[in-house]
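Remarks on the structure that follows.
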Amino acid sequence: QKITAGGITAWQHPLILTGANKYSRPVVLGLSTQGFMIVFAEETGTGLGVSMIKAQTFDPNGIALLPSWTSVFNTATGFASFPKVVSDNNDGAYVAELTGTPGAPAINDAFLQHIYANGQTAWGASGIEASTLAGNHNEPKAITFRYSANHLYLLMQVLDNAQGQAGI
């Protein structure tokens, strides 16, 4: 639902995203000129199923601007993981996700992706791996972008393989 600065609902009906699969874990990001972007998990299958991170950009009236959902990563995210999202200050976003380590999918790993305003992704289909610490679980917790220096920062929780010790 769009809410005015005065606290009044602006749309007669809230925007509802539906499809053949389940949508969950949404994160909304205000954009400077286009309205807003929603980054969310698309869940397929039954039970925990498989969750893929998707995105869509909307104008200020809730009309989708991209012809289809953008696939942010080509790898599945954890069933309880929420994407971490921050603006790139150019109507796009940086997104962090939790997925499996390449070559060792049972180990949690943090990946990043840059989505441009046109819905294209900058860092390949799978994004970039945030850390290659072997034998550790790396879980993204927060990201921030410092526009003036063009630096992206990621805060991760790092756990040993038994998940008995942790640090950030």
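The values are calculated or read from the model by the stated rules, or taken from the named source; none is laboratory data. Source: prediction; values computed, not measured. Virtual Cβ from ideal backbone geometry, glycine too; neighbours counted across all protein chains shown. Just the protein is used for accessible areas: all its heavy atoms, side chains included, with ligands, DNA and RNA removed. Shrake-Rupley method; radii C 1.70, N 1.55, O 1.52, S 1.80 Å.
Checking each residue in the range 85-128 for being open to solvent by 20 Å² or more (accessible area, probe 1.4 Å), among the small types (Gly, Ala, Ser), out of contact with any Asp or Glu (no Cβ under 8 Å at 6 or more places or on another chain) and in a strand (DSSP E or B) picks out 87, 104, 106.
For (1) of a type in the set (Val, Ile, Thr); (2) in contact with a strand residue (DSSP E or B) (Cβ under 8 Å, 6 or more places away or on another chain); (3) open to solvent by 70 Å² or more (accessible area, probe 1.4 Å); (4) closer than 17 Å to residue 89 by Cα, each residue gets a yes or a no:
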| residue | (1), (2), (3), (4) |
| --- | --- |
| 132 | yes, no, yes, no |
| 136 | no, yes, no, no |
| 145 | no, yes, no, yes |
| 148 | no, no, yes, yes |
| 153 | no, yes, yes, yes |
| 160 | no, yes, no, no |
| 163 | no, yes, yes, no |
| 168 | yes, yes, yes, no |
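Can you tell me which residue is surrounded by the fewest Cβ atoms within 10 Å (Cβ to Cβ) among those in the range 41-75 that are in a loop (DSSP other than H, G, I, E, B) and touching an Asp or Glu at 6+ places or on another chain (Cβ under 9 Å)? The residue in question is 49. Restricting attention to the range 23-40, does a residue exist that is open to solvent by 20 Å² or more (accessible area, probe 1.4 Å) and more than 24 Å from residue 3 (Cα to Cα)? No - not one qualifying residue is present in the range 23-40. Residues of the range 20-35 that are without any contact (Cβ under 8 Å) to a residue 24 or more places away in the chain and either part of a loop (DSSP other than H, G, I, E, B) or within 17 Å of residue 117 (Cα to Cα) (or both): 20, 21, 28.
Only one of the numbered conditions (1) without any contact (Cβ under 8 Å) to a residue 40 or more places away in the chain; (2) farther than 20 Å from residue 119 by Cα is violated by residue 2, and that is (1).
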